[in-house]
Amino acid sequence: MPRLSDDELLHWLALRLVPGLGTRKAVTVLERFRTPMALFRASVSELEGAGLSPGVSRAINSGCTFEDAATQQGRIKATGSVLVPVTDPAYPERLRGILDPPTLLFCRGDLSLLASIMVGVVGTRKPTPYGLAVAEKLSGDLAGLGVGIISGMARGIDTAAHQGALRAGGKTIAVFGCGVDMVYPTENRKIYDEIAAKGLLVSEFPMGAPAFPQNFPIRNRIVSGMSSGVLVVEGAQYSGSAITARLAMDQGREVFAVPGNITSKLSWAPNLLIRQGAKLVMDAQDIVSELAPDERVRLQVIEKEHKLDLAQQLLPLGPNAPLGRAMLEHLLIEKPTHIDGLLDSLENYSSSEIIAALFELELLGLVKQLPGKHFVKVW
């Protein structure tokens, strides 16, 4: 995809750094002036006519933010980061549709993940062992089904969600309440590096911006805004995860919750959400089944391609590769085949060879055994 020129990048950064210019107002005036370059060429009266205050209009007209923008530009290039403005085709469509989408996304990693089907996973920074295990397990299972996991890389549930997705070889996005070149919390340096290499780091805050407490509620609207739904694992009644769930509801997203022990304060948020109508979650399919029909179709295609990749990449490595490929040609998705039928159709192979090959295919998730020694090819 085409990226911004140096001059365009500089103007977008200068616009982002204008003091007093909120995201909602910035998006509104951009709809009128089309580009930041046109905005900076406008007169003070034209800017005020577009609804900007006199102070903000003078700040834009003076170009006072370009020096800081140049510094930002250097840090973006030095870290291999990329700027994605709200007008860029790569900008997530779901996020663009919220009430106050960020004008810019500072990104580091795999930009293609911005187009993924994502589920937000949020929860307390001080989880129970149960909460950690559930967050990692559900995130890993969702990632295995092709769903991307988006969270805030905070201590506790967020970290467990990212780890679960990474260990499953899946997609994950970390949304920061600071610059994408800042590691917060500092003990997450290892997972930060892993997400930068295999996933995507995202922030609306400029490079080098510290992790101020007020940034995190602002950050949460991006987590929910980029998601098809938000899963709450553990959290107190007035916790950040409860705030994210409310944002998700306001944005028209599905809200999911893992039930918890009623005697634990950390169960307040998920249990209350379930009482208010959130979907109770016991496994990953509880979430996938609630996604939009077009998203479920996309996930089926992703899963099919994944299994075909496994067949092509892993089967040739084993001794039963030719037999395995022949077996996949004989087995059907919609109709079970009895093992006797395989023995008859693959008469050049012994029964022990066929059983061994079936076992390998089951391990790869390409074949499923049904009762009565019947087998089907997995979709």
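Just to be sure, is Arg219 buried (at least 19 other Cβ atoms within 10 Å of the Cβ), modelled with pLDDT under 95 and closer than 18 Å to Val86 by Cα?
Judged against the criteria, Arg219 is a match.
Just the residues that are of a type in the set (A, V, I, L, M) and either on the phi > 0 side of the Ramachandran plot or not in a helix (DSSP H, G or I) (or both), please, taken from region 106-148.
Ile117, Met118, Val119, Val121, Val122, Leu145, Val147
Give me a count of the residues in region 22-67 that are crowded, with 16+ Cβ neighbours inside 10 Å and in a loop (DSSP other than H, G, I, E, B).
4
All but one of (1) surrounded by 24 or more Cβ atoms within 10 Å (Cβ to Cβ); (2) hydrophobic (A, V, I, L, M, F, W, C); (3) in contact with an Asp or Glu (Cβ under 7 Å, 6 or more places away or on another chain) hold for Phe176; state the number of the condition that does not hold.
Just one mismatch for Phe176, condition (3).
Could you list, ordered by first residue, the pairs with Cβ atoms under 6 Å in which the first is in region 138-164 and surrounded by fewer than 23 Cβ atoms within 10 Å (Cβ to Cβ) and the second is acidic (Asp, Glu), at least 6 apart or interchain?
Gly146/Glu303; Gln163/Glu136
Looking at Val223, Val230 in this structure, which one is within 28 Å of Ala90 (Cβ to Cβ) and either assigned to a strand (DSSP E or B) or over 21 Å from the mean Cα position of the chain (by Cα) (or both)?
From the options Val223, Val230, the qualifying one is Val230.
Being among the charged types (D, E, K, R), under 21 Å from Ala197 (Cα atoms) and touching a residue at least 40 places away in the same chain (Cβ under 8 Å) is the filter here; which residues of region 69-101 pass it?
Listed by number, the list holds a single entry, Arg75.
Only one of (1) modelled with pLDDT of 85 or more; (2) among the aliphatic types (A, V, I, L, M); (3) outside any helix (DSSP H, G or I) is not met by Leu358, so which one is it?
With respect to (1) modelled with pLDDT of 85 or more; (2) among the aliphatic types (A, V, I, L, M); (3) outside any helix (DSSP H, G or I), Leu358 is out only on (3).
Looking for whichever is of a type outside the set (Phe, Trp, Tyr), at pLDDT below 85 and surrounded by fewer than 17 Cβ atoms within 10 Å (Cβ to Cβ) here; the options are Gly365, Gly341, Gly372, Gly324. Which one fits?
From the options Gly365, Gly341, Gly372, Gly324, the qualifying one is Gly365.
Of the conditions (1) part of a helix (DSSP H, G or I); (2) surrounded by 13 or more Cβ atoms within 10 Å (Cβ to Cβ), Asp7 fails just one. Which one is it?
That leaves (2) as the condition not met.
The values are calculated or read from the model by the stated rules, or taken from the named source; none is laboratory data. These numbers were taken from a predicted model, which means no experiment stands behind them. Counting neighbours? That spans all protein chains shown, and the Cβs are built from the backbone with ideal geometry, glycine included.
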